[in-house]
Every structure is written in C-alpha cells, then in structure tokens.
Amino acid sequence: MIPTSDYLLLSGLLFTLGIVGVLIRRTAVLVFLSVELMLNAANLAMVAFARAWGQLQAQSAVFIVMTLAAAEVAIGLAILIAIFRKRVSTEVDPLSEMKG
Amino acid sequence: MLPVYLLPLLPFLGFLVLILFGRRFPGPLAGALASALVGLAFVVALIDFFSVRSVPMHELLWSWLPGIGGKGHNLEIGFYLDRLSSLMTLVVTGVGFLIHVFSIGYMEHDPRFPRFFAFLNFFVALMLILVLADSYPLMFVGWEGVGVASYLLIGFWFEGKINANAARKAFVMNRIGDLGFLLGIFLIFRQYGTTVLPSLAKMPIKTDSALELICLFLLVGAIGKSAQLPLTTWLADAMAGPTPVSALIHAATMVTAGVYLVARSHFFFSQAPVASSWVAWVGGLTALYGALSAMNQYDIKKILAYSTISQLGYMFMAVGVGAYWAGMYHLVTHAFFKALLFLAAGSVIHALQGEQDTRKMGGLAKTMPLTGAVGLIAVLAISGIPPFSGFFSKEAILGASFAYSPWLWAVGTFTALLTAFYMLRWYLLVFSGTYRGQAHPHESGPVMAVPLVALAILAALGGVIGPQLLGSNWLENYLKPVLGLPSLHNPATTELSLIAIAVLLALLGFLWAYLRYRSGRLTDLRGFGPISAKALYLDDLYAGSVASPSKAISGALERTDRVFGGGMSATGEVLTEPGRWTNLWQSGFVRVYALSMLLGTLLLVLYLAVRMLGGSL
Amino acid sequence: MILFLILALLSLVGGVLTIAASNAIHAVLGLVGTLISLAMLYVTLDAHFLAAVQVIVYAGAVMVLFLFVVMLLNAARPVSSRDPIPYVRELAVIFGVLLAGSLLLVLNGYAPPRSLANAASDLAGGAPGPVGAVLLSKFLLPFEAVSLLLLVAVIGSVALVLRPQVQEDPAPEPAAQPGRGETA
C-alpha cells in the first residue's frame, strides 16, 4: 500500500500551487479557481488521514467541505458577476479602495 | 452745597446710557445728552466752588478694601474737594463742556457718533475721579481710567493702522509712568501707613532719602501722563485722534494730571528739594524740547502737540521750583488757550474736509474770519503778549524760576522766544497769505462757533484770576490755605525787567516768524529744520535703543523656538516613519493581503520544519 | 504505486496549468483534470463515495459553473494591463518554494498511528452507507447546518445576480472607464 506520507506530500504540493496561484493570478475568477485547488489539496490530506486512522468521520468531513465549497462557489461567482456589472472587469488589483 | 460724588456720577451716567443704548439716539441727540450732563456737572462744580471756600469737603462713600493695611486701615472710596481740586473740576467740566458742544458739530457725520460721546463722558467722569480722589489708590483708578479713555479716543478711527498704533504707543508709554506712580504709592504706604491725602497733608513730613525716592517715583508717573522728557513721544502721535479729543484730553485736561499730581503732593515735594529740582529741570528741558520740535512741523495739529509738550514743561518748571500756584495758574490759562487753538485747528480741518497739512492751507482768515480771529487771540495768549491770559501765568512761572535759578529762567525765556516764533508761524501758515489747497473752506456753524468764542473770551481775559504784577494776587491767596507755601518773589525792579525781557523776546519771535513767513512763504529752517521736523530724533533714538534690541531678542528667541519646534516635529516624524512603513502593507491590494497570509502560513510551517529538523538532529 | 505516481503527476500538471495557463478556459480544464485525478486517488484511498461526489459535484457541477462564468464575463483573455504590484509575483514564487520545501520536510516525517491494512479494512471501502451513517448520526448538526447554508447560498446568489426589474433611479449605471473595461 502506498504510504500516507506520499499522499500528504502530493497534498502539500497542490496546496502550494494553489496558494501561489492565488497570488499570481490577477483575474478574480482564476483566483477563485486557485482557491478551489487549495481546498482540494486539503481534502486529499483529509482523506489520506481517514485511511491512516481507519475513521469514517474524516470522510464525512470531506463531504461537508465539498458542500461548503459548492456553496462558496455559488456565492463567490454571484459576487463576481455583480462586481463585473459595476466595473466591467474581473481584475482584482483595481479593487483597492480599502487602503489603510 | 451739592454732594461731590455727583460730579463724576453725572458724566458716568451719560457714558453708561450712551454705550448701552447709543443706537437709540438719532442725530445729534447723543451729543446733546452728553454735553448737558457735563454742563450739569459744571453747574455742580460751580456751586461747590463757592461753598467750599472755607472748609474742604471730604466725603467717604464706602469701604473698598477693609483692613487692607492691618486692623483699622481701610481703603475707602472717598472724594476730597478743597480749593485745589475745586479749581481743577471747574477747568475739567467747563472746558470739557465747551469741547463737548464743539464736538456735536465736528463729529456730526461720524458713523460712531454716540460712541464718541460715550467715551468723552467716560473720560470726564474718570478725570473727575482722578481730581477728586481723597487717596492715592483712588487717584490711580482715575489715572488709569483716563489712560483707557485716551487710548480709546486716540484710536477712535481704528480702521487706520497709524491710529491704532498711536493709541497703543500712548498706552504703553503711559504704563512706564504708571509703574513709577504705583511704586510711589507703595512706598508712601510703607513710610507713612496711609495713602489718604488729607491725612498725609497733616502729617509732619521730614526730609529724608525715602521721601526723595517717593517724590521721584511720583515724578516718573507724572512724566508719563504729562508727556515730559523722556516719555514724551506719545503725545505727538496721539494727534491721530479726533481733534476735540486732542483739545480735551491731550491739551487741556488729562496731560495736566501730572502737574496736578505734583501740586496735590506738594506736602511731599516741598520737603524734597532734590526731587523738586528734578521736576523743575525736567520741565525746563521739556519746554525747550517741545519748542524746538514745534519749529519746523507742517501738520497743523503736530505743531500744537509739541507746543503742548512745551507748555506742560513750563508747568513742571513752576511746580518744581515750588510755585505750585503758578503751575496751577498756567494749567488753567493753558487749558483755555490750548483748547481754543485745538478747536480752531479742528474748525479748519473740518472746513477743509480733513486736511491737516499747513502747506495746503493759507489765507483762511478771509474765508473763516471768526476762526482766524480766535486763533490770533490764542496765539497772542500762548506767546505771552499782555494783556492776554498766557502773559500773566507765564510771567508768574518765569519770575518764580528766576528766583529759583537764573539758568532755569534763561531756558524758559528762550523757550518763550521760540514759542512766539512757532505760534505765529502756525498762524501765518494757516490763516494768512493765499489759499494753497483745493477744498472750499467755509466758516463752521454756530454749534462750533459758540465754544470758540467762549474759549476766546476766557483765553483773552482768563489772566485776571491772578495777575502777579508786583506782590500777591487773588489766585495765590486763594490757593494758599491748601498749598500753604510762601512763593518765590523777586524784588519789584527785577520783576519788571524780567517781564520786559520776556515780552521783548516774544515780540522778537513774532518779528522773526513774520519776516520768514509773512506772505505764506514755505521755507524750511536751514540747518536745524530737519532736526526739528524729526522732533530731535527722539523717536529714532528709542527705536534704536529699545525697539531694535527688543526685536533682535525676540527674533533670536523665535529662531530658538523654531529650532526646538523643528526638533519636536522631527521627533514626531521619526516616530511616525515606522508607522508609514507598515502603512505600505495596507495598500488595499487583495493580493498583498493574500501574500501576508502566505507569509503567515510559511512561517508556521517553517517553524514546524525547523522543530522537526531540531528533533531529528 | 505506478498508478499513484501517474495520478499524482496528472494532478500536479493540472494544478500547474490552473495557475499558469494564460487562457482562462485552459486553466479551468486543468483544474478539472486535477479534480478527476484526485477522485481516482480517493478510490485508492478507499473513499469510493467521495470519489463519486468529487466527480459529480466538483468536476461536474462546480467546474461547469466556473466555465460558464468565465465565458459570461469574457474573462478568458489574459490580463494585459500593467501589474501595479509586480513584487507580489516574485515574492509569491519565493515564498511558495519555501513553503513547499518546509511542507515536504514536515509531511515526509509523518508516522502512521496504526498499520494501514487494519485501518483500511475499518473504512468498509468508504461506501455510501457507512459514510451516510456517520453523517446522519455523529455529524447530524453540521449536516443540517450545511444544508441550510446551501439554501442561503442559492437564495443569496439569486439575489446578488438579480437585475432590478423596475429601475427607480433613471440615472444610468456608471459608464465603463476606458482602458479598464477593454482589458477585462
């Protein structure tokens, strides 16, 4: 059987890819996409842990996370559309009115 | 016999009414009210004058500061009316009344007409408090009060910066004198335990150094108020005020308060020979200074201002040499003819729509015959031509000063020559020759003419109260119970020759002025002219010796302040700079915030990694 | 093992594509690839139900939504405007490498609490039945809360995207600022 740490390493790499993507992507949709990648990396780690411990709770939790992600995507994309209507752009950098 | 407190109360009521409800009085009504109240005060003064001849009136009104000088030593508000103060109240209310009436005409177009009369009434009230005070502290109240009135009235047309500055200058220079007066009062209380005038007058006063010091302090106060050397320069600038103010405050009454103070304190000064000689010589030098400064002025009021300084110097000479009655005599006659001169000048200025430069006058005797005539009377009076009032009072002073010191007499007599010169020059520049201006001069209305005539009569005949032709006279005898001193008298032949010399010199001065200015010629005095025009550079001397160092010090302090302020700001800058760096982080860019999240995650995981490495090592 | 490596490689390639593709459609498709690879990895981890949900919900519904929005918003074209914060890119890469390195270091030392064979047998293959039993017993409250959340999300997204039917304010919406709208 493939050791859990291998899954965890893959999860870590995907997570890193996701967070770098959040930072280097300048379109809101793609930033969102990168966030999904991070979520899935975390899910992978969770499922790997479920097998390591032999517990189904973790899998249930992953299910709930997926549902949350779906809800988040629905709301997030709706917000994106609303912003797009106002600004005719989905870039994140112009959205910088909240300066300190 | 009417209560004395009525005297200051009446004008003070006028002040209150006019300052509070001045706008309710349409047209000249405010002036009429103010004049009527001062006139009433004059009536009261007159009635009291006749009733006070035998016994002085001393009214104690209320206790002001009970127990201030220990048990039983109350500071009380009280008025003291004796022959000296009675004479003074007559001058203040009488001349004041005439000037009030004149002002109704002079100020008729002024938008702040009621306020002007409120201030005038205020002045008269405080001047009467000064005159009638039974103690030095109360006298000081009046002293300061007239200073305030003077300040308010010099700066009455406060829109002009020059006027406001002149008012401030008068105020500040008076403060220097007031400090001397205050110190004198403190020392009097310390030495004699009381400051009440009648009580002090009854005390046996011994000649000692403390007394000399008291008298010198009082002299400093008197110098400030009466614009004597060296605190003289404010009076010329005070001419920035309306002309009736110059007549009332800066010629007839307030500036003579210094003379009155010395005469009132005669029981001190008669025992203080050193201080008295200071008084006399300050007066003599100021008389000379004023006359020299007046010689080449062109402002119609400045000439009169310097002449006032000069005449006040005469009065100081008189009270300095011990001839207190002569000082009071000249005070009275001077009040008449100097008020007349100023009102005549005011009439001219009024007719010429505010023109004050004598170079743009001339020939006004034709268009303003009455003003010209009364001006001539005043010039003759001030120059000491018999039988006008100035002659008698000036002879009294010169005679007394000759008996005191021939040198002082020489200064005074030379000043008399100069006086005749510059006064006739004034008259010739204004009234004779041909008119050099553009306005259309006309004689003023009856409101202004009546006071002129009244003052002209007084200036011409006012000398009758004490002609010192050989021997004693009415005024001297009248004041003797108060001042109680043998005055200085010369032998008859000396007296007569002194009179002859003085009159001759005055005529010589007239001749000199006539030859130079007879047909309205405008020639400056050669050599001395510019010096006189700058008033012997006294203002420049003060500017150099006091103002410039003060400015330098304040400039240096300001620079120091800037250094410290800069240091403070720099500290603040240094402290806020790190804040500005963190501010960069709050750039508003979402990705920068996300970067911080990444950084946080990284640090957390790095920590775990380092721990793990540490554990495995 | 080989299967794992292939799937891992596929998911990583998909991830790189997600964050690096200049065309947004490609990025979405890359993520779809990753998600499907992950679903297969779930199968190798005895989570069959989750694998199915992953394919249906994630790779299916959610990614279709993404594609839909990308096309709707015309966001497929790469961003060409000047980057106002260029340093973020470099820092992100540096930090990312550091993070990946430390994560590898940390996760590589993971020691499983029990033998994998025993543990895997307890999972019952992650079949819908056992997973559902856990969800509806131990996780009942979160389960209901999430269902409520989904309802809120549905209503919320409709409310957010809904155009007002009656414009009370006749003023037109602010005009697109030139130079900004064209690059979107």
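Worth a mention:
- Residue that is nearest to the other protein chains (Cβ to nearest Cβ), among those in region C:27-61 that are more than 15 Å from the chain's Cα centre (by Cα) and over 17 Å from C:M1 (Cα atoms): C:A47
- Matching residues, region B:107-152, being modelled with pLDDT under 90, closer than 19 Å to B:A167 by Cβ and either aliphatic (A, V, I, L, M) or touching a His at 6+ places or on another chain (Cβ under 8 Å) (or both): B:M107
- Region B:162-202, residues that are aromatic (F, W, Y) and under 27 Å from B:G67 (Cβ atoms): B:F181, B:F186, B:F189, B:Y192
- Complete set of residues in region B:75-108 that are over 23 Å from B:V453 (Cβ atoms) and part of a loop (DSSP other than H, G, I, E, B): B:D82
- Test for B:Q271: is it surrounded by fewer than 24 Cβ atoms within 10 Å (Cβ to Cβ), of a type outside the set (A, V, I, L, M) and farther than 21 Å from B:Y106 by Cα: yes
- Qualifying residue in region C:79-89 (condition: in a helix (DSSP H, G or I), modelled with pLDDT of 85 or more, touching an Asp or Glu at 6+ places or on another chain (Cβ under 8 Å) and within 7 Å of chain A (Cβ to nearest Cβ)): yes
- The set of residues in region C:97-126 that are among the hydroxyl-bearing types (S, T, Y) and more than 7 Å from chain A (Cβ to nearest Cβ) comprises C:S102, C:S115, C:S121.
- Criterion (in contact with a Lys or Arg (Cβ under 7 Å, 6 or more places away or on another chain), assigned to a helix (DSSP H, G or I) and closer than 21 Å to B:S310 by Cα) met by exactly one of B:L428, B:L408: B:L428
Rundown of residues vs (1) modelled with pLDDT of 90 or more; (2) among the small types (G, A, S); (3) in contact with a Leu (Cβ under 7 Å, 6 or more places away or on another chain), yes/no style:
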| site | (1), (2), (3) |
| --- | --- |
| B:G155 | no, yes, no |
| B:F158 | no, no, no |
| B:N163 | no, no, no |
| B:F181 | yes, no, yes |
| B:S199 | no, yes, no |
| B:L216 | yes, no, no |
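- Just one of (1) more than 7 Å from every other protein chain (Cβ to nearest Cβ); (2) crowded, with 23+ Cβ neighbours inside 10 Å; (3) modelled with pLDDT of 90 or more fails for A:V20. It is (1).
- Test: residue in region B:352-362 that is surrounded by fewer than 24 Cβ atoms within 10 Å (Cβ to Cβ) and small (G, A, S): yes
- Note on region B:527-616: enclosed helices (runs of 4 or more DSSP H) holding 3 or more residues that are at pLDDT 85 or above and touching a Ser or Thr at 6+ places or on another chain (Cβ under 8 Å) are B:590-616.
- Scope region C:65-78; condition assigned to a loop (DSSP other than H, G, I, E, B) and either at the interface with chain A (Cβ under 8 Å from one of its Cβ atoms) or touching a strand residue (DSSP E or B) at 6+ places or on another chain (Cβ under 6 Å) (or both); matching residues: C:L73, C:A75
- Any hit, region A:23-38, residues being within 7 Å of another protein chain (Cβ to nearest Cβ), closer than 19 Å to C:L12 by Cα, in contact (Cβ under 8 Å) with a residue 24 or more places away in the chain and of a type in the set (A, V, I, L, M, F, W, C): no
- Taking region B:183-283 and the helices (runs of 4 or more DSSP H) fully enclosed by it, the elements with 3 or more residues that are more than 15 Å from B:G327 (Cβ to Cβ) are at B:197-202, B:209-226, B:233-237, B:243-247.
- Some residue of region B:454-475 being on the phi > 0 side of the Ramachandran plot, without any contact (Cβ under 8 Å) to a residue 24 or more places away in the chain, surrounded by fewer than 20 Cβ atoms within 10 Å (Cβ to Cβ) and assigned to a loop (DSSP other than H, G, I, E, B): yes
- In region B:414-443, residue modelled with the lowest pLDDT [restricted to those that are more than 30 Å from the chain's Cα centre (by Cα) and within 15 Å of B:L376 (Cα to Cα)]: B:G433
- Flag if B:V245 is closer than 16 Å to B:M127 by Cβ, among the aliphatic types (A, V, I, L, M) and surrounded by 24 or more Cβ atoms within 10 Å (Cβ to Cβ): yes
- Any hit, region B:378-394, residues being on the phi > 0 side of the Ramachandran plot, under 25 Å from the mean Cα position of the chain (by Cα) and either surrounded by 23 or more Cβ atoms within 10 Å (Cβ to Cβ) or outside any helix (DSSP H, G or I) (or both): yes
- One residue stands out among those in region A:51-64 that are closer than 19 Å to C:L107 by Cβ and facing chain C (nearest Cβ under 7 Å): the one that is surrounded by the fewest Cβ atoms within 10 Å (Cβ to Cβ), which is A:W53.
The values are calculated or read from the model by the stated rules, or taken from the named source; none is laboratory data. In this text the structure is predicted, and so the values were computed from the model without any measurement. Quick reminder, even Gly has a Cβ in these numbers, built from the backbone with ideal geometry, and neighbours come from all protein chains shown.
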